[in-house]
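> Here it is, the structure, as structure tokens.
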Amino acid sequence: MNINGLLAIVTGGASGLGKATATMLAAQGAKVAIFDLNEEAGKAVAAELGGIYVGVNVADDASVAAGLDAAEAAHGVARILVNCAGIAPAVKTVGKENAPHPLDTFAKTVTVNLIGTFNVISKFSARLATAEEIDGERGVIVNTASVAAYDGQIGQAAYSASKGGVVGMTLPIARDLAQHKIRVMTIAPGIFLTPMLEAFPQHVRDALGAQVPHPSRLGKPAEYAQLVESIVRNPMLNGEVIRLDGAIRMTPR
């Protein structure tokens, strides 16, 4: 699918992988809508890219519907969706003083990362299903999982479960949406230089990067965005999860 001139929605587009993806899409000629809860950063990115910002809670029905309404009012039907919104708490199943994992933390993580992703997918694709085809397809959805879906570390039970759900629903959703000619892919990134890691001291970042077999460094958000571009442009990429991780397999810690 040719990106130029299309409306692309990026959830979590105010920072990190989402911002890099929004930047790439705008550079390729897309009209970008940033869905994020960080209003200050979201508006700044949208202004920089000539797009729009909409404050959206991906796990809320009305919020997502209103966000799609706003995006369509500005630029017409959305053809590209990239789901980058997510949270990553670190809590052990049994914590200090043998305290159990707070259930509300587990539930919130699954609600944002898994249910929120599905919520945006279903509402986005329902609107796109009746749109005119472009070169034999209607649109593309790219989700963000994590290598934690496969080899989650200590303290990542909630996060790994949520991202494992994203991995697990990729193929059935792609099969569901095949009749509407909407493709669905998922990227499972390894250790990337996101705002969370940028706050770490340099020696910590270097140590994390050294765990990656090759290239032995942290991933760059622009490299995630590069894969998104390839997925959007290649019509045979559908129903699959791609690990983008430099061949890392995470250790328990």
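The values are calculated or read from the model by the stated rules, or taken from the named source; none is laboratory data. These numbers were taken from a predicted model, which means no experiment stands behind them. Virtual Cβ from ideal backbone geometry, glycine too; neighbours counted across all protein chains shown.
> If you take the residues of segment 180-211 that are among the polar types (S, T, N, Q) and under 17 Å from the mean Cα position of the chain (by Cα), which of them is farthest from ALA247 (Cα to Cα)?
We begin by selecting, within segment 180-211, every residue among the polar types (S, T, N, Q); these are 186, 194, 202, 211.
Imposing the further condition that a residue be under 17 Å from the mean Cα position of the chain (by Cα) reduces the set to 186, 194.
Values: THR186: 17, THR194: 19 Å.
This residue is THR194.
> Residue pairs, Cβ under 7 Å, 6 or more apart or interchain, first in segment 130-147 and more than 25 Å from CYS84 (Cα to Cα), second surrounded by 15 or more Cβ atoms within 10 Å (Cβ to Cβ) and modelled with pLDDT of 95 or more. List them.
GLU133/LYS181; GLY136/LYS181
> For segment 229-253: of the residues being touching a Leu at 6+ places or on another chain (Cβ under 8 Å) and hydrophobic (A, V, I, L, M, F, W, C), which is surrounded by the most Cβ atoms within 10 Å (Cβ to Cβ)?
Filtering segment 229-253 for residues that are touching a Leu at 6+ places or on another chain (Cβ under 8 Å) and hydrophobic (A, V, I, L, M, F, W, C), the one surrounded by the most Cβ atoms within 10 Å (Cβ to Cβ) comes out as ILE231.
> Any residue that is among the basic types (Lys, Arg), modelled with pLDDT of 95 or more and not in a loop (DSSP other than H, G, I, E, B) - is there at least one of those in segment 123-139? Steps first, please.
Within segment 123-139, the subset among the basic types (Lys, Arg) is 123, 127, 138.
With modelled with pLDDT of 95 or more added as a condition, the list becomes 123, 127, 138.
Subsequent filtering for residues that are not in a loop (DSSP other than H, G, I, E, B) retains 123, 127.
There is at least one residue in segment 123-139 that is among the basic types (Lys, Arg), modelled with pLDDT of 95 or more and not in a loop (DSSP other than H, G, I, E, B).
> Quick check: anything in segment 156-175 closer than 25 Å to ALA90 by Cα and charged (D, E, K, R)?
yes
> Among the residues that make up segment 2-24, is at least one of them part of a helix (DSSP H, G or I), more than 19 Å from the chain's Cα centre (by Cα), surrounded by fewer than 24 Cβ atoms within 10 Å (Cβ to Cβ) and without any contact (Cβ under 8 Å) to a residue 40 or more places away in the chain?
Here is the first cut: in segment 2-24, the ones part of a helix (DSSP H, G or I) are 16-24.
Filter once more, so that each one left must be more than 19 Å from the chain's Cα centre (by Cα): none.
No, segment 2-24 contains no residue that is part of a helix (DSSP H, G or I), more than 19 Å from the chain's Cα centre (by Cα), surrounded by fewer than 24 Cβ atoms within 10 Å (Cβ to Cβ) and without any contact (Cβ under 8 Å) to a residue 40 or more places away in the chain.
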